[in-house]
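The block underneath contains the structure these notes are about, expressed in structure tokens.
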Amino acid sequence: GAGVSQTPSNKVTEKGKYVELRCDPISGHTALYWYRQSLGQGPEFLIYFQGTGAADDSGLPNDRFFAVRPEGSVSTLKIQRTERGDSAVYLCASSLLRSGELFFGEGSRLTVL
Amino acid sequence: TQLLEQSPQFLSIQEGENLTVYCNSSSVFSSLQWYRQEPGEGPVLLVTVVTGGEVKKLKRLTFQFGDARKDSSLHITAAQPGDTGLYLCAGATQGGSEKLVFGKGMKLTVNP
């Protein structure tokens with residue numbers, strides 16, 4: 001597809017389980033971002049990749065959250081020992097260049113029971 | 001912590017009315033972006049303003065960046081039902097959009 005693709009679109013899990021969320025950016029986009037949007041809130045920055053490296057991970061809330069982008073394209077956000085407070089829509093965005101226009105995916109809605 | 005306050009948070013109006021939504025902060029931003037988000041979708045960029053005092057127009061939408069680059073406004077003229085959605089402002093602090101700070105958004109409903 002032409003846009004940012006995120007899978008799964010919905011994920012329901014139990015407290016304490018491990019979750020992986022995948023983002024497939026627009027082809028050729030070097031920058032990739034993860035944001036988290038809780039109900040009634042605006043998106044909150046988590047991490048930014050330039051190529052394969054995490055250029056800024058200051059938004060990751062704690063060490064249960066980790067993200068990778070091993071080949072500079074697809075990225076995976078990994079959440080260990082999920083908690084109910086992790087429930088949110090996780091948005092991925094990509095841009096052609098650093099500081100370029102962000103194109104967001106539709107998000108992965110995570111519900112932790 | 002940099003915060004962006006948006007007001008109003010909710011607005012329900014009739015088709016044809018005008019409206020203004022405000023985005024305020026005590027922090028200075030290098031640029032400010034406005035997005036529109038529909039349910040079940042990601043935000044879509046409407047405009048980026050960079051220079052203090054800058055005004056940009058996009059059809060019936062007029063965006064203004066405050067002189068001090070701490071605030072912005074979005075004015076919609078003759079609103080239409082298709083304008084319904086969540087309007088988000090986001091500030092960039094590092095010379096680009098690597099790390100955006102978003103407001104909570106304004107949920108607009110335009111009734112036919």
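Throughout, read-outs are computed from the coordinates displayed, never taken from laboratory work. Source: prediction; values computed, not measured. With ideal geometry, Cβ positions are generated from the backbone for all residues, glycine too; neighbour counts draw on all protein chains shown.
Ordered by packing density, taken as the mean number of other Cβ atoms within 10 Å over each peptide's residues, highest first, how do A:72-82, A:10-20 rank? Spell out each step's value before the answer.
On the way: A:72-82: 17.3, A:10-20: 13.0.
Put in order of decreasing packing, that is A:72-82, A:10-20.
Counting DSSP beta bridges with both partners in chain B, what percentage is antiparallel, nearest 5? Walk me through the intermediate numbers first.
Numbers: 36 of 41 bridges.
Around 90 percent antiparallel, to the nearest 5.
Can you tell me, using C-alpha contacts under 8 Å and at least 6 residues apart, the relative contact order of chain A as a whole percent? Provide the component values of the computation, followed by the final result.
Details: 291 pairs, mean separation 41.8, N = 113.
Relative contact order for chain A comes out at 37 percent.
Of the listed peptides B:3-15, B:40-52, what is their order by residue-averaged count of other C-beta atoms within 10 Å, with the highest listed first?
Details: B:3-15: 14.3, B:40-52: 16.7.
Ranking the peptides B:3-15, B:40-52 by packing returns B:40-52, B:3-15.
Expressed in nm to one decimal, what extension gain is obtained for the pair A:ARG81 and A:VAL12 from 0.36 nm per residue of sequence separation less their Cα-Cα distance? Walk me through the intermediate numbers first.
Working: separation 69, 0.36 × 69 = 24.84 nm, distance 1.37 nm.
Once the chain is fully extended between A:ARG81 and A:VAL12, it gains 23.5 nm.
Under unit Cβ charges (Lys, Arg +1; Asp, Glu -1), what dipole magnitude, rounded to 20 debye, does chain B have relative to its Cα centre?
Details: 10 positive and 10 negative charges, 31 e Å.
It comes to approximately 140 debye.
Would you mind giving the mean number of other chain beta-carbons within 10 Å of the Cβ of each residue in B:33-46, as a whole number? Can you show the working numbers first?
On the way: counts 2, 0, 4, 0, 6, 1, 0, 5, 5, 16, 10, 3, 5, 0.
The shielding value for this peptide is 4.
Quick check on my link table: of A:LYS78/B:LYS99; A:LYS78/B:LYS107; A:LYS17/B:LYS107, which ones sit more than 22 Å apart, alpha carbon to alpha carbon? The partial results should precede the final answer.
Numbers: A:LYS78/B:LYS99 20 Å; A:LYS78/B:LYS107 31 Å; A:LYS17/B:LYS107 34 Å.
With Cα atoms farther than 22 Å apart: A:LYS78/B:LYS107; A:LYS17/B:LYS107.
Once the dipole of the protein assembly as shown is set up with Lys and Arg at +1 and Asp and Glu at -1 on Cβ about the Cα centre, which of A:VAL4, B:VAL21, A:SER75 lies farthest towards its positive end?
Among A:VAL4, B:VAL21, A:SER75, the one farthest towards the positive end of the dipole of the protein assembly as shown is A:SER75.
Kindly write out, for the stretch B:98-112 in residue order, the coupling ³J(HN,Hα) from the Karplus curve 6.51 cos²θ - 1.76 cosθ + 1.60 (θ = phi - 60°), rounded to whole Hz, with x marking Gly and Pro.
Here the 3J(HN,Hα) series is 4, 9, 8, 9, 9, x, 6, x, 10, 8, 9, 10, 10, 8, x Hz.
Taking only C-alpha pairs under 8 Å that are 6+ residues apart, what is the relative contact order of chain B in percent? Intermediate values should be presented prior to the final figure.
Values: 296 pairs, mean separation 40.7, N = 112.
Answer for chain B is 36 percent.
Indicate, rounded to the nearest 5 percent, the antiparallel portion of the DSSP beta bridges found entirely in the protein assembly as shown. Write out the running numbers ahead of the final one.
On the way: 69 of 78 bridges.
Among the beta bridges of the protein assembly as shown, antiparallel pairing accounts for roughly 90 percent.
Per-residue mean of other chain beta-carbon atoms within 10 angstrom of the beta-carbon, peptide A:88-94? Before the final figure, lay out the partial values.
Working: counts 0, 2, 0, 4, 1, 5, 0.
Mean partner-chain Cβ count within 10 Å for A:88-94: 2.
What are the ³J(HN,Hα) couplings of the stretch B:17-30, residue after residue, when phi is run through the Karplus curve with 6.51, -1.76, 1.60 and θ = phi - 60°? Round to Hz, x for glycine and proline.
Result, rounded to whole Hz: 6, 9, 8, 9, 10, 10, 9, 10, 8, 8, 9, 8, 10, 6.
Hey, got the dipole for the protein assembly as shown? About the Cα centre, +1 on K and R Cβ, -1 on D and E Cβ, debye to the nearest 20?
Result for the protein assembly as shown is approximately 220 debye, rounded to the nearest 20.
Pick from B:GLN80, B:GLN64, B:GLN33 the residue whose mean-square fluctuation is largest in a GNM of chain B, springs joining Cα atoms under 10 Å.
B:GLN80
Averaged across the residues of B:101-108, what count of C-beta atoms belonging to other chains lies within 10 Å of each residue's C-beta?
Details: counts 4, 7, 3, 3, 5, 0, 1, 0.
For peptide B:101-108, the averaged partner shielding equals 3.
Expressed as a whole number of Å, what is the distance separating the alpha-carbon centroids of the stretch B:23-77 and the stretch A:23-99?
24 Å
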